[in-house]
Protein chains: 2
Amino acid sequence: MTAKNESKNSDNAKPTVKEIPDKIVRRLPHYYVQLKNMLNKDVEYVSSEQLASIMGYSSSLIRRDLSHFGQFGKKSYGYDIHCLYSNLHRILGFNHEKSMVIIGAGFLGRALANNKSYEERGYLLRGIFDKDPAIIGLEFNNLRVMDVERAPEFIAENNIDVAALAVPALEAQKTADMLVKAGIKGIWDFTETPVEVPEDIILIEQNMNDGLCKISCKLVQKSK
Amino acid sequence: MTAKNESKNSDNAKPTVKEIPDKIVRRLPHYYVQLKNMLNKDVEYVSSEQLASIMGYSSSLIRRDLSHFGQFGKKSYGYDIHCLYSNLHRILGFNHEKSMVIIGAGFLGRALANNKSYEERGYLLRGIFDKDPAIIGLEFNNLRVMDVERAPEFIAENNIDVAALAVPALEAQKTADMLVKAGIKGIWDFTETPVEVPEDIILIEQNMNDGLCKISCKLVQKSK
């Protein structure tokens, strides 16, 4: 949670994964999406100023962030996007295989089952669970919904790393407790309610409604 | 996109909405969620250090951000959460009514139709659209799915402010063009593909897969 590992003199240092502080981890997915888009357009180099204008961060912040991935800049051309991308890929751990389950097979859980983003990020979707007998047994993306009662055994036996939590808010804590007890390492939490887990469990809250706030704020600004 | 409006001397100034720069707008939804959770637990005051430990920002950043909402701190108790919350509510424009439609009634669109977060944020969900004849006519949250061909007329006639874009990536740009032409003011974009809109349109990308990146990064850090 602190920036104590952030060093302004790390430009030439071989980046190690441990050096990335939380506040930078938070921005990494944004870099990933932008760099991927650029590669898809066959762009080869990008300056911190160009990234700044696209991403809305200051160019100095971007230079500082990128220094954590090592030094890839060519003064005259900007940063080599292939290098940045491949190092970011490594830092994000996408080359490590992670197994995942989805808890909750409502519409959100089903959307997550159909998500096309797992493979390129190293995730292997192994199962989807629900407690509703009317939903158990349905198939989404070739996965048959299993009874959530079976989840603890499945997670333990298959050494599942990550669970997407797509249950109603009222069931969030109880389900998180079950996941922790079953040996889950990380929870991708869509419940938008406070969930408490032991310190060694990675809990990432995915607040789907962030955008509603930002749009509303900007609409008001424009109307003034 | 710049911090030119950020003033370190604004502690006692009456905050105006125009003064909030983009990089702070980006953090506002996080403050909103945290303050709401605290109010739900009947917490009355919070220090910047407490917020820092919960949110993972530095306490100095938090003090600077909050100075944009005016000065509510009582030295000995910390910030008055009710005051912060109500000012944040105003800055986020939740007291202004905004009408909204959803384009795409796949599982994600249906999850958005069932989303319980609109009312408290001042959004009124008015319609949901799809192009698939097998989906048109189905009902979600008391809204009957309409043919997307009818969307331009519906948006123009009903003066719709915001559209949630929940279509496949390949249809993203085409659909955004349609929305812009129909007079939409803001797009809440779930497509995770680059979409271009004119400068006066508010485009907020809601990258649902951010969390996958963060969890993966943290799993690697822990495994080292």
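The values are calculated or read from the model by the stated rules, or taken from the named source; none is laboratory data. Predicted, not measured: the structure shown is a model, and the values here were computed from it. Cβ sites come from the backbone with ideal geometry, for glycine too, and all protein chains shown count toward neighbours. Only protein heavy atoms, including side chains, enter the accessible area calculation; ligands, DNA and RNA are left aside. Shrake-Rupley method; radii C 1.70, N 1.55, O 1.52, S 1.80 Å.
Here are some notes:
- Residue by residue along A:120-126, Cβ atoms of other protein chains within 10 Å of the local Cβ number 2 on average.
- Calculated on C-alpha atoms, the gyration radius of the range A:17-91 divided by its Kirkwood radius gives an Rg/Rh of 0.92.
- Here is the list for the range B:131-224: GluC sites (Glu not before Pro) lying in DSSP coil, each with at most 14 other C-beta atoms within 10 angstrom of its C-beta, are B:196, B:199.
- Pair residue A:224, residue B:53: separation of 7 Å Cα→Cβ label points (nm): 3.4
- Beta-bridge orientation, the protein assembly as shown: approximately 25 percent antiparallel, per DSSP, counting only bridges with both partners inside.
- Apportionment of accessible area to carbon and sulfur, the protein assembly as shown, percent (1.4 Å): 48
- D_trans [Stokes-Einstein, Kirkwood Rh over alpha-carbon pairs] for the protein assembly as shown, 25 °C, 0.890 mPa s, µm² s⁻¹: 106
- Averaged over the residues of B:84-92, the number of partner chain Cβ atoms lying within 10 Å of the residue Cβ comes to 2.
- Legend: mean number of C-beta atoms from other chains within 10 angstrom of residue C-beta atoms, peptide A:34-45, equals 1.
- Chain A against chain B buries an accessible area of about 6300 Å², both chains summed, 1.4 Å probe radius.
- 222 nm mean residue ellipticity, helices alone, for chain A (DSSP H n ≥ 4; -39,500 (n - 2.57); rounded to 500): -10500 deg cm²/dmol
- Cα shape, the range A:78-224, gyration tensor, a/c 1.5 rule: oblate
- Per residue, chain A exposes 48 Å² of accessible surface when a 1.4 Å probe is rolled over the protein heavy atoms with every protein chain present.
- The spacing between the range A:156-224 and the range B:174-224, judged by their C-alpha centroids, is 18 Å.
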